[in-house]
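**Q** Pasting a structure below so you can have a look.
The values are calculated or read from the model by the stated rules, or taken from the named source; none is laboratory data. As the structure is a computational prediction, the values presented were derived from the model and not from experiment. Cβ atoms come from the backbone with ideal geometry, glycine included; neighbour counts cover every protein chain shown. The protein model used for the area step is the full one, side chains on, heavy atoms only, and it has no ligands, DNA or RNA in it. Shrake-Rupley method; radii C 1.70, N 1.55, O 1.52, S 1.80 Å.
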Amino acid sequence: MSGPRRLSVPRRVAVTAADDGCPLAVDGREIDSVREAWLIEDRWWTEKPLRRRYWEVVTTCGRNEIVFCDLRSGRWWRQR
Amino acid sequence: MIVCVLFPRFALATALGDRGELLQAPTALAPEPGGAQQVGEVSLAAEAFGIHPGMRLGEALARCPRLTLVPSDPAGVADSWERLLVRLESMGAAVEPERPGLVCFDARGLLRLHGGIDGVLSAVRRAMRSPARFGVAPSRFAAIAAATRARARRPEIVRGGSDAEGRKRASAFLAPLPVALLRARPALADLPEALERLGIRTLGELAQLPPTALADRFGATGLLAHRLASGHDSALSPRPASEYLREVLELPEAASGTQLQRGLEMLIDRLLARNERRGRTFRSVVISAVLVEQGGTWREQVVFREALSDPVRMRLALVPRLEYLPAPAESLRLAVERFGPLATDQRSLLDDPAAARMARLREAIRQTRAVAGPDAAMRVLEVDPDSRFPERRAVLTPFEGSSALPSPSGAATDRADRRR
């Protein structure tokens, strides 16, 4: 039997961001509005700390997306 | 003819792992968290300071201030010991494990198969694949005493059967040995100290005392000690051949509290979904965990009041045990120690529609798994519903009919709260 499978695992996504880090386009779709942004830091006491800036955005085609930027690697991820 | 196989300092050597050089220094197993403040097995160098297993920690440190204390590894010891026992059983020996590192079996059934006691010992040595000491004697206690005197490649053999002649030989062999050997029997652990205070230093001196005097002074333990010193012992009671069924859950983030509870529930579901169970109930199980920061391991045996296959009742019995965990865990294991009879539900006088629906659901799950494998029926289990990281909140785990009830702690929480 396989082990437990996590749900809501982050997946890579292509995001174009402004200089201040605010996303401008997600997978080529332009952002219409930013609904919310928040920062999460955890496990700072370990060798693999987690630092993420989340953005909840609405694209011009009406999709509601939650993306985050891993502040350690600079990569963007999509998460639901 | 009883054969005793002894692995000296088995628990200490297992806990040390690849730090074997510590066996050359004064080293002892640290007291178990929450248990009595007594040291466990000790190295030879620690024995030279007068430290022995079971000694109070304060006294041990007073005798040797540079004593190195090693966290015990009960789960690792149990795993290694089980592997060795299975190797012995696979060559036909009906074993009675005394404690990890010490096992006895009756060699009578194997003598002709291997051409005598020397052949049996050679076969055992090959099967174990680890250096051990062997003692052979007519009684179990004499065999254990012989194993403690044996050298690595030279077994100590006391010839004779279980008749009067054999007992006489065993008694003669035991006569010059110290009474401290009685510590091998847990019921007699405290007796040697009292005997030594009274000037009785050898088992021969003990055997010469009248049993009535010993009974008068020490009660039943005195009589037992006299019987052992005289070459008598009770017959072996070999353990039933066991099956090893275990599920392990690695916890990427050190877990405790609700997370650990959810992990245990998941392990119960996975264990119940194993095909090897073949519909049987569980009589006793073992929960074990690897603790964070190399804090060793933790192990707890749970014997159910009655054999169970109901995940809800198993949870009720097992989850409270997690409170005894001394530190957050890196991995959690659940193993079946003993199976019960086949699970059979007693029918009630009146048909319960909910029970009937549940039975149909279970049957549907069983058939689905038979066709598409154990991962065919899954459910979402909230592991850490309040985590700020979405990927930590829930996992997919095997679906068990009666375990699919909503849990009170799984109530919806405001997403905004999670972000703070």
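**Q** Report the residue count in segment B:274-290 for those that are open to solvent by less than 10 Å² (accessible area, probe 1.4 Å) and within 14 Å of chain A (Cβ to nearest Cβ).
**A** Number of matching residues: 0.
**Q** Take the residues in segment A:22-60 that are basic (Lys, Arg) and loosely packed, with under 13 Cβ neighbours inside 10 Å, then tell me which one is modelled with the highest pLDDT.
**A** That would be A:ARG35.
**Q** Let me ask something additional. What number of residues within segment B:47-80 are of a type outside the set (Gly, Ala, Ser), open to solvent by less than 20 Å² (accessible area, probe 1.4 Å) and outside any loop (DSSP other than H, G, I, E, B)?
**A** The qualifying residues number 2.
**Q** Still on this model: Of all residues in segment B:87-104, count the ones that are of a type in the set (A, V, I, L, M) and open to solvent by 50 Å² or more (accessible area, probe 1.4 Å).
**A** 1
**Q** To continue, here is another question. Do you know which residues across segment B:116-126 are surrounded by 12 or more Cβ atoms within 10 Å (Cβ to Cβ) and either basic (Lys, Arg) or at pLDDT below 85 (or both)?
**A** If the condition is that a residue be surrounded by 12 or more Cβ atoms within 10 Å (Cβ to Cβ) and either basic (Lys, Arg) or at pLDDT below 85 (or both), then B:ARG125 is the only one that fits.
**Q** Could you tell me which of the residues B:GLY58, B:GLY20, B:GLY76, B:GLY35 is touching a residue at least 24 places away in the same chain (Cβ under 8 Å) and over 30 Å from B:ARG112 (Cα atoms)?
**A** B:GLY76
**Q** Please tell me if B:ARG217 is open to solvent by 20 Å² or more (accessible area, probe 1.4 Å) and more than 30 Å from B:ARG183 (Cα to Cα).
**A** Against the criterion (open to solvent by 20 Å² or more (accessible area, probe 1.4 Å) and more than 30 Å from B:ARG183 (Cα to Cα)), B:ARG217 does not qualify.
**Q** Okay, moving on. Quick one: B:GLU293 ticks every box in (1) modelled with pLDDT of 80 or more; (2) in contact with a strand residue (DSSP E or B) (Cβ under 9 Å, 6 or more places away or on another chain) except a single one, so which number is it?
**A** Condition (1) is where B:GLU293 drops out.
**Q** Could you figure out which of (1) more than 12 Å from chain A (Cβ to nearest Cβ); (2) of a type in the set (Val, Ile, Thr); (3) open to solvent by 40 Å² or more (accessible area, probe 1.4 Å) isn't true of B:VAL302?
**A** (3)
**Q** Could you list, in sequence order, the residues of segment B:129-156 that are buried (at least 18 other Cβ atoms within 10 Å of the Cβ) and farther than 17 Å from B:LEU228 by Cα?
**A** Within segment B:129-156, B:ALA132, B:ARG133, B:PHE134, B:ALA150, B:PRO155, B:GLU156 meet the criteria.
**Q** If you don't mind, there's one more thing I want to ask. Within segment B:116-167, how many residues turn out to be polar (S, T, N, Q), under 24 Å from the mean Cα position of the chain (by Cα) and over 11 Å from B:CYS4 (Cα atoms)?
**A** 1
**Q** Next up: Take segment B:268-292 and flag every residue that is over 16 Å from B:LEU322 (Cβ atoms) and part of a strand (DSSP E or B).
**A** B:ARG280, B:THR281, B:PHE282, B:ARG283, B:SER284, listed by residue number.
**Q** I've got another one for you. Within segment B:273-299, which residues are farther than 16 Å from B:ALA317 by Cβ and hydrophobic (A, V, I, L, M, F, W, C)?
**A** Within segment B:273-299, B:ALA273, B:ALA289, B:VAL290, B:LEU291, B:VAL292, B:TRP298 qualify.
**Q** I'd like to verify a number: residues in segment B:157-171 that are open to solvent by 80 Å² or more (accessible area, probe 1.4 Å) and in contact with a Phe, Trp or Tyr (Cβ under 9 Å, 6 or more places away or on another chain), how many?
**A** Qualifying residue count for the region: 0.
**Q** Just to verify a result, which residue in segment A:9-21, among those that are surrounded by fewer than 14 Cβ atoms within 10 Å (Cβ to Cβ) and within 25 Å of B:GLU391 (Cα to Cα), is nearest to the other protein chains (Cβ to nearest Cβ)?
**A** In this case the residue turns out to be A:VAL9.
**Q** Given B:LEU174, B:LEU206, B:LEU195, which one is in contact with a strand residue (DSSP E or B) (Cβ under 9 Å, 6 or more places away or on another chain) and open to solvent by less than 30 Å² (accessible area, probe 1.4 Å)?
**A** After applying the criteria, what remains is B:LEU174.
**Q** Quickly run through segment A:29-64 and pick out the residues that are outside any strand (DSSP E or B) and more than 10 Å from chain B (Cβ to nearest Cβ).
**A** Scanning segment A:29-64 gives A:TRP44, A:TRP45, A:GLU47, A:PRO49, A:THR60, A:CYS61, A:GLY62, A:ARG63.
**Q** Out of A:PRO49, A:PRO4, report the one residue that is in contact (Cβ under 8 Å) with a residue 12 or more places away in the chain and touching a strand residue (DSSP E or B) at 6+ places or on another chain (Cβ under 9 Å).
**A** Answer to the check: A:PRO49.
**Q** Right, here's the next one. Within segment B:247-259, track down each residue that is more than 10 Å from chain A (Cβ to nearest Cβ) and either under 22 Å from the mean Cα position of the chain (by Cα) or without any contact (Cβ under 8 Å) to a residue 40 or more places away in the chain (or both).
**A** B:GLY257
**Q** Taking segment B:243-267 as the region of interest, how many residues are open to solvent by less than 50 Å² (accessible area, probe 1.4 Å) and either of a type in the set (Ser, Thr, Tyr) or not in a strand (DSSP E or B) (or both)?
**A** Going through segment B:243-267 one residue at a time, the tally reaches 8.
**Q** Do we have any residue at all in segment B:229-250 that's closer than 30 Å to A:PRO49 by Cβ and of a type outside the set (A, V, I, L, M, F, W, C)?
**A** Looking through segment B:229-250, at least one residue is closer than 30 Å to A:PRO49 by Cβ and of a type outside the set (A, V, I, L, M, F, W, C).
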